[in-house]
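For reference, the structure discussed in these notes is given below.
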Amino acid sequence: MNPEQLTAWLQRFAELVHEQKDELTALDSAIGDADHGSNMDRGMTAVVAALAEAPPADAAAVLKKTGTTLVSKVGGASGPLYGTLFLRMAGAADGGFAPALRAGFEGVLARGKAEPGDKTMVDALGPACDVLDAGGSLAEAAQAAADGRDATVPLVARKGRASYLGERSAGHADPGATSTALLLRAAAETLS
Amino acid sequence: MNPEQLTAWLQRFAELVHEQKDELTALDSAIGDADHGSNMDRGMTAVVAALAEAPPADAAAVLKKTGTTLVSKVGGASGPLYGTLFLRMAGAADGGFAPALRAGFEGVLARGKAEPGDKTMVDALGPACDVLDAGGSLAEAAQAAADGRDATVPLVARKGRASYLGERSAGHADPGATSTALLLRAAAETLS
Amino acid sequence: MKKLINDPADVVADALRGMAAAHPRLRVDHENRVVFRGDAPVQGKVGLVSGGGSGHEPMHGGFVGPGMLDAACAGEVFTSPVPDQMVAATQGVDGGAGVLHIVKNYTGDVMNFEMAAELVAAESGTEVVTVVVDDDVAVTDSLYTAGRRGVGTTVLLEKIVGAAAEEGRPLAAVADLARRIDDSGRSMGVALTSCTVPAAGKPTFDLPEGEMEIGIGIHGEPGRRRVPLAPAREVAQMLVEPILADREFTDGVICFVNGLGGTPLLELYVVYAEVASILEKAGIGIARSLVGPYMTSLEMAGCSVTLLQADDELLRLWDAPVDTPGLRWGA
Amino acid sequence: MKKLINDPADVVADALRGMAAAHPRLRVDHENRVVFRGDAPVQGKVGLVSGGGSGHEPMHGGFVGPGMLDAACAGEVFTSPVPDQMVAATQGVDGGAGVLHIVKNYTGDVMNFEMAAELVAAESGTEVVTVVVDDDVAVTDSLYTAGRRGVGTTVLLEKIVGAAAEEGRPLAAVADLARRIDDSGRSMGVALTSCTVPAAGKPTFDLPEGEMEIGIGIHGEPGRRRVPLAPAREVAQMLVEPILADREFTDGVICFVNGLGGTPLLELYVVYAEVASILEKAGIGIARSLVGPYMTSLEMAGCSVTLLQADDELLRLWDAPVDTPGLRWGA
Ligand SMILES: Nc1ncnc2c1ncn2[C@@H]1O[C@H](COP(=O)(O)OP(=O)(O)O)[C@@H](O)[C@H]1O
Ligand SMILES: Nc1ncnc2c1ncn2[C@@H]1O[C@H](COP(=O)(O)OP(=O)(O)O)[C@@H](O)[C@H]1O
Ligand SMILES: [Mg+2]
Ligand SMILES: [Mg+2]
Ligand SMILES: [Mg+2]
Ligand SMILES: [Mg+2]
């Protein structure tokens, strides 16, 4: 992982989030509070600007800057969760992408205390980590994340704002799982 | 004028107002505050109840009870105006319908200080009084009131709430002129 | 129509039951639909009576209490109360020093208060003076209208005159002060949506997406003109400009940004920021401010701006204690 | 979308400019989007910090001032503020007696305040205790959810705990009191219309004519169930019943009927009347009441009912002076 590659990844993620902003917000309207698209867009726009302003020298610094920027710009549930993801990745950057993502994932679990099947971003991130740990490609990991996102549709949410809907949360994809699928798609497009 | 006839007139007026309540309110929505239908309906329902509860012994008493009931039940602009109309009619009840109506009309002019052409109930009531004073029938007076109502359509209001619209008040019939046309129609149907 | 009511015909009576239950220090005459100060009549104090159609809450019932009104008459929604109510209110607040009627300039309100004053004069020895509030600059030419409507200045007037009455000033002085305030205040409003009168059951007017009504009144009566929706910055300009064109304002105004009912406080503060910056550029310092839904038009979205030219006396009276459900400080 | 704003991206910053201009006794840190008491930090007093997404005004920024909060962090609309803001607020109100974080129970708020507390612990000696408010009975089974949401009780808690902090009570005692209040309060809400998040540009949900959403939150998140529109009498029943089923209430409650933003005060009083009569029948006397839009959800039409079991101590603290833009008495 070199800093330029990671920066390209994050730029691509920012692009995808910006493009899908309204879709993410629409998903969050259905089972949440209609801000996931603008939250992620605000955060990733700030990340891209921060990385451009003072390009970090190494991979860990790119990830750390990304994490701190998300923590200070996003708020809501996704700010601490995505922020923690990147901060933990920064701490494990030396081992390569797969272990770093796994470390980030564990950070998300620790911060949010969600379990697989709770209808959260965990359900997209977990399968992607599993694929990578098993030696799969980034393209396969991105597919696993997308499948994980799709698998959240029938689930009843048990964490986050969607959990207040109970049974009524079933039938909609989770917004956070959807943005996480974009994160992996961006990785497949830029880091392969 | 005997009390039974007058009571029949007022009952018929109440009926017409009740039937046209929504239309009167719709006219008042266009150039006022959307309450003329419910104001007149509330008032005339109370009048009919009051007359039924203790039927007054003579014509003057019927008119007086009608006036005081309207003053205490309607409010808005139409309460004092219609109230004054009937109270003044009561004071002139001895001379018959036409002079009584003329006296009532003068009460409305004194209370509201509107002039003909200001786009108010005056524009329906005045022509009706003129017809009666000239020896016309109640049917002709009712027609004059209806024509007067129609003639308010192009007028720019200069009194009451509609006057705040200026030029924009043109193109709609005046609600008060419309209810007054019903008053005369009821007279033609019951007093002829 | 989506409203938290029972029968549209009962909405005023039901709300008055709620006011009575929520505010034990008020006394509500349900028969006459009058909200009284619990301790009315206050001996030796000029009694202040106002009232008008319902649907503008907290005005006027929410402004009854020490330091403000002694009684408020609640009419049907958007319909002036009737003379009987005003007579009951007047008699109930007469502490021997006379009674001031504060009347917003609408034909119905003016005529009903007029009839009430005639009845009081005929029936009792209570001295009544009437002051009519007409501060709405949206109504340009008073020669061809019923005159300017009474809007936002009414709230400021009731507060300030309430403090003066509480000090024990005589009726003539209280009335003079009220007239001076009416003279010193100007307002202008904008609506983004219509309100729905409960008894009518549908919106009073149709205001399409992307349009707003400038110079709106507080009864859903149409305004001066319909224009495309604009940023708060420009809306503030459209409201403040005609106010400043109509009267000279110098340093030290009371600036009141009023919500019409359906506009969130968040947006009222956005508007306030814009109004304040326009005034700053015009060299007009704001001495006091009020931001919130104080004179509403049911659930109408929109706001009005009121400027009142103050001086040391008005500011002292503005700052004096007031203890009502709608406006309270120092008590 | 019809809103009195400039750019949706600027709405929070613009509104904070308005707050700063309208309330000179507050100090607004625009960089960090924190509203402070003008005299913060108050030496020797426990500092009270709250905050949350914007769009709920007057909560929380309008509750900053003597007798209530020392600082409030304003997030984006319906989005928890970020830890940096909370750190700045905490440091700015630390008068040496520690700081209480009052956090409404939403995943985002809880996590951001948690990270802030970690940062404060790492960086400074300020003692921070966190109390989470979770009073919404609409959320039935907390085992399978993120727990109950924090709603109406928050307002009552901030007022009462604010008075206790003003008295000079130590941090542990203030925090205990806060937990006791959270434990004693229950709320339930209903929406008649959706709100529109400015950045989203369209209503969060679609609520057809003739339907309402029972058990609504304050962010437009859907509620417990959708039912046909009903008279206020029945709506009050649907809100009060689950509250009374969830906790035992005895004589002497604080009864709070809160407007969600788009419902006129007239209707809130209609609801209050119905709530009061249900409580009367249940033998639960109302000791104090609050009626108005205090914790809103932008322009959403609807209301919530909160009951707080009070006692002499809570009532004394409730009655103590408070001097904020949103809640003010005795000062
Ligand atoms: N406890 C949790 N653990 C993991 N992910 C969570 C948790 N709570 C919420 N999320 C994720 O956060 C997403 C919502 O993010 P966002 O809308 O930005 O924040 P908020 O819910 O505060 O409005 C959800 O779709 C879900 O994927
Ligand atoms: N000064 C006036 N003189 C005569 N009629 C008037 C005057 N002002 C208003 N009106 C009549 O009253 C009608 C409105 O009555 P209503 O809607 O019941 O009262 P309000 O205008 O107070 O809402 C108008 O249509 C008009 O005919
Ligand atoms: Mg969200
Ligand atoms: Mg009318
Ligand atoms: Mg009217
Ligand atoms: Mg959110």
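Sorting the segments C:285-296, A:74-85, C:228-239 by their residues' average number of neighbouring beta-carbon atoms within 10 angstrom, most packed first, yields A:74-85, C:285-296, C:228-239.
Report Rg/Rh for region D:246-331, rounded to two decimals, where Rg is the Cα radius of gyration and Rh the Kirkwood radius. So for region D:246-331, dividing Rg by the Kirkwood Rh gives 0.99. Chain C against chain B buries an accessible area of about 2600 Å², both chains summed, 1.4 Å probe radius.
Using only the alpha-carbon atoms of region B:98-192 as identical scatterers, what base-10 log of I(q)/I(0) does the Debye formula give at q = 0.11, 0.12, 0.16, 0.22 Å⁻¹? At q = 0.11, 0.12, 0.16, 0.22 Å⁻¹ the computed log10 ratios are -0.28, -0.34, -0.58, -1.01.
Per-residue mean of foreign Cβ neighbours for B:106-116 is 1 (Cβ atoms of other chains, 10 Å radius). Compute the semi-axes of the equivalent ellipsoid of chain C, taking the square root of 5 times each eigenvalue of the Cα gyration tensor, and list them largest first in whole Å. Working from the Cα gyration tensor, I get semi-axes of 30, 24, 18 Å. In this entry, region C:74-121 is assigned a mean projected area of 3.2 nm², taken as a quarter of its C-alpha convex hull surface.
For region C:186-317, the Stokes-Einstein estimate of translational diffusion at 4 °C and a viscosity of 1.567 mPa s comes to 86 µm²/s, using the Kirkwood hydrodynamic radius over alpha-carbon pairs. For D:Gly261, nonlocal amide neighbours, meaning residues 5 or more places apart or on other chains whose placed amide H falls under 5 Å from its own, are D:Ser297, D:Gly302. Take each residue of peptide C:291-304, count the partner chain Cβ atoms within 10 Å of its Cβ, and average: the result is 4.
For the pair region D:237-286 / region A:168-190, the C-alpha centres are spaced 42 Å from each other. Summary of the geometry: region B:90-145 and region D:1-43, compared by the centres of their Cα atoms, lie 61 Å apart. Rounded to the nearest 500, the helix-only mean residue ellipticity at 222 nm of the protein assembly as shown stands at -15000 deg cm²/dmol, with each DSSP H run of n ≥ 4 adding -39,500 (n - 2.57). Residue by residue, region D:29-39 carries 3J(HN,Hα) couplings of 8, 5, 4, 9, 6, 10, 9, 10, 4, x, 9 Hz when phi is fed to the Karplus relation 6.51 cos²θ - 1.76 cosθ + 1.60 (θ = phi - 60°); x denotes Gly or Pro. Each peptide in D:6-17, B:175-186 was scored by the mean count of other Cβ atoms within 10 Å over its residues; highest first, the order is B:175-186, D:6-17. Label region B:21-78 by shape, choosing from rounded, prolate and oblate, from the square roots a ≥ b ≥ c of the eigenvalues of the Cα gyration tensor; if a/c is under 1.5 it is rounded, and otherwise prolate applies when a/b is larger than b/c, oblate when it is not. Prolate shape, in that a/c is at least 1.5 and a/b is the bigger ratio.
Rg then Dmax, both in Å and based on the Cα atoms of region B:1-97: 13.3, 41.
If the viscosity is 1.306 mPa s and the temperature 10 °C, what translational diffusion coefficient in µm²/s does Stokes-Einstein give for region D:9-184 when Rh comes from Kirkwood over Cα pairs? Result for D is 101 µm²/s. Extending 7 Å from Cα along the Cβ direction at D:Asp39 and again at C:Thr140 yields two label points whose distance is 5.1 nm.
Structural size metrics of chain A, computed from C-alpha coordinates, are Rg and Dmax of 15.1, 48 Å.
Note on chain A: GNM, Cα springs under 10 Å; of A:Gly104, A:Gly135, A:Gly112, the largest mean-square fluctuation is that of A:Gly135. How much of the accessible area of the protein assembly as shown, probe 1.4 Å, is carbon plus sulfur, in whole percent? After summing per-atom areas, the C and S share lands at 51 percent. Each other copy places its own label point for D:Ala9 at 5.6 nm from this one, sorted shortest first, where the point lies 7 Å along the Cα-to-beta carbon line.
Remark: label point of C:Glu167 defined 7 Å out from Cα along the Cα-Cβ vector; separations to the same position in other copies 3.8 nm, ascending. Only protein heavy atoms count here; on that basis, with a 1.4 Å probe, C:Trp318 has an accessible area of about 10 Å². Summarise the long-distance tail of P(r) for the protein assembly as shown by giving the % of C-alpha pairs beyond 52 Å. Percentage above 52 Å: 25. For the protein assembly as shown, the per residue solvent-accessible surface stands at 32 Å², with DNA, RNA and ligands left out and a 1.4 Å probe. Sorting the segments D:32-43, C:198-209 by their mean number of nearby beta carbons within 10 angstrom, highest to lowest, gives D:32-43, C:198-209. Counts of other chain beta carbons within 10 angstrom of each beta carbon in peptide D:77-89 average 5. Take C:Thr250, push a point 7 Å out from Cα through the beta-carbon direction, and compare it with the same point in every other copy: 6.4 nm, smallest first.
For B:Leu191 and B:Ala110, a Förster radius of 25 Å and the Cβ-Cβ distance give a FRET efficiency of 0.50, rounded to the nearest 0.05.
The string of couplings for region C:107-119 from the Karplus curve (6.51, -1.76, 1.60, θ = phi - 60°) is 3, x, 4, 5, 5, 5, 5, 4, 5, 4, 4, 4, 5 Hz, one whole number per residue in order, with x for Gly and Pro.
The values are calculated or read from the model by the stated rules, or taken from the named source; none is laboratory data. Fair warning: this is a prediction, and the values are worked out from it, not measured in the lab. Cβ coordinates were reconstructed from backbone atoms using ideal geometry, including for glycine residues, and neighbour counts include every protein chain displayed. When the accessible area is computed, the model is the full protein with side chains, heavy atoms only, and any ligands, DNA or RNA have been set aside. Shrake-Rupley method; radii C 1.70, N 1.55, O 1.52, S 1.80 Å.
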